[in-house]
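Contents: one structure, followed by commentary.
Read-outs throughout are calculated quantities, based only on the coordinates presented, and are distinct from any laboratory measurement. As the structure is a prediction and not an experimental result, all values here were calculated from the model. Here the Cβ positions follow ideal geometry from the backbone for every residue, glycine too, while neighbour counts run over all protein chains shown.
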Amino acid sequence: MDGRENIQEHLKKLKLKQLDTRSLSFLALFIAFTAVATYLHIPGPSTSYFNLGEVAIYTIALTFGAKAGWIAGGIGSAMIDLILGYSIWAPFTLVIKGLEGFLVGKIANQNSEQKMDRKIFAIIVGGNIMILGYALAKAFLLSWAVVLPEIGIDFAQMLIGGVLAIPLSHHLDNYFRK
């Protein structure tokens with residue numbers, strides 16, 4: 001495997017049972033990127049916090065595919081829940097953010113002539129899964145009264161994440177095609 005395009009295509013076709021050193025290194029970098037973007041946060045009204053984790057998750061998923069989005073989104077985000085003292089949320093985050101990254105990568109990387117439309121649709125689907133997932137988790141752990149004020153924060157994360165991730169992933173796609 002040599003060249004930039006090869007690592008992008010290699011990670012899109014990643015087989016978890018056959019991880020090589022190069023793939024593991026890139027996945028570790030993706031987890032770290034997601035963790036740092038999530039760590040930079042603003043506390044929310046009750047239980048959540050606004051962060052730029054979606055920028056990382058969406059960029060990775062759009063550029064490197066579903067499995068990279070799943071691993072980076074789930075592990076990177078859950079690690080920060082543990083570090084910031086939101087440990088009760090870590091299992092939910094692992095599943096919710098992992099699923100969000102997986103779906104964004106899966107939908108966006110299907111063969112289609114409408115690449116930009118696919119990316120936008122993928123982010124809308126993945127972001128709504130994140131919003132719904134956290135709404136259900138908050139209702140389960142706390143109450144439905146907590147859910148409504150928090151939806152705005154989750155929606156803002158999805159919107160800002162998508163607005164920043166689409167051009168970032170476009171530039172990365174161009175970089176890997178050179």
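Taking into account only those residues within region 125-150 that are without any contact (Cβ under 8 Å) to a residue 24 or more places away in the chain and not small (Gly, Ala, Ser), which is nearest to Val163 (Cα to Cα)?
First pass over region 125-150, keeping only residues without any contact (Cβ under 8 Å) to a residue 24 or more places away in the chain: 125, 132, 135-136, 139-140, 143-145, 147-148.
Restricting the remaining residues to those that are not small (Gly, Ala, Ser) gives 125, 132, 136, 140, 144, 147-148.
Values: Val125: 15, Leu132: 20, Leu136: 26, Phe140: 31, Trp144: 29, Val147: 24, Leu148: 23 Å.
Filtering region 125-150 for residues that are without any contact (Cβ under 8 Å) to a residue 24 or more places away in the chain and not small (Gly, Ala, Ser), the one nearest to Val163 (Cα to Cα) comes out as Val125.
When you scan region 92-109, do you find a residue that is without any contact (Cβ under 8 Å) to a residue 40 or more places away in the chain, assigned to a helix (DSSP H, G or I) and loosely packed, with under 15 Cβ neighbours inside 10 Å, even just one?
yes
Among the numbered conditions (1) assigned to a helix (DSSP H, G or I); (2) surrounded by fewer than 21 Cβ atoms within 10 Å (Cβ to Cβ); (3) touching a residue at least 60 places away in the same chain (Cβ under 8 Å), tell me where Tyr58 comes up short.
Failed condition: (2).
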